[in-house]
Amino acid sequence: MVQFLVKAQMKNLIGTKNISANFIIVMVLFIGCGSMPDSDRLKLNINFQNVEAWINLMPGVSNEHQIHITGKSSIKNLSADKVDNLMLREIKLIQGGSSVDLKNINFTRTDSAGIIPGQEKIFSLNASGKISGGKFNFDSAATFIFLFSSDGKSIVDSLNNVAIKKVY
């Protein structure tokens, strides 16, 4: 999990104006963990398509709001081995120094077969999570970090500068 955050923050570091805060986060996390061996990495090319994010700001009893993300991902197997049981394990929303885990992750494809070497398949994804007021600026874009896994191997990818629509 720590490696997930390190890689996510490193990717996020490139496209942000708040470099010093993100650099400190990356360095603290990097010092506390080693790198993942190549044998534990999935070799996939992941392209996100039609991704939308929105926050439900409907007034309610609590100070929490639901954030949602939906879209598709085109995933190509770049390895020599078949990828079975591909799962989207975690989605994190990162903005500035704050992050939130999105729960209720649905990640599906049209067939149940694995991805053979060189093959590309389309997956649908959607997820939601609760955000307490004051943690995020919904007028600014955010970064979403995705942790995929299959049979003990994993890969982290990110989608930067995602606009968050406000719905009431």
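Where a number appears in this text, it was derived from the coordinates with a stated rule and is not lab data. No experiment lies behind these values; they were computed from the predicted model shown. Because the Cβ atoms are built from the backbone with ideal geometry, glycine has one as well, and the counts that use them run over all protein chains shown.
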Practice task
Compute the distance in nm between two label points, each set 7 Å from the Cα along the Cα-to-Cβ direction, one at Lys165 and one at Ile116.
Solution key: 3.9
Practice task
Calculate I(q)/I(0) for region 42-167 by the Debye formula, one identical point scatterer on each C-alpha and no solvent, and give its log10 at q = 0.09, 0.13, 0.20 Å⁻¹ to two decimals.
Solution key: -0.28, -0.54, -1.08
Exercise for the section: Could you sort 89-95, 160-166, 70-76 so that the peptide with the highest average Cβ count within 10 Å comes first and the rest follow in order? Expected result: 89-95, 70-76, 160-166
Fill in the blank from the handout: Checked against a 30 Å limit on the C-alpha separation, the offending pairs among Lys76/Lys135; Lys76/Lys166; Lys43/Lys166; Lys92/Lys153; Lys103/Lys166; Lys43/Lys135 are Lys76/Lys135; Lys76/Lys166; Lys43/Lys166; Lys43/Lys135
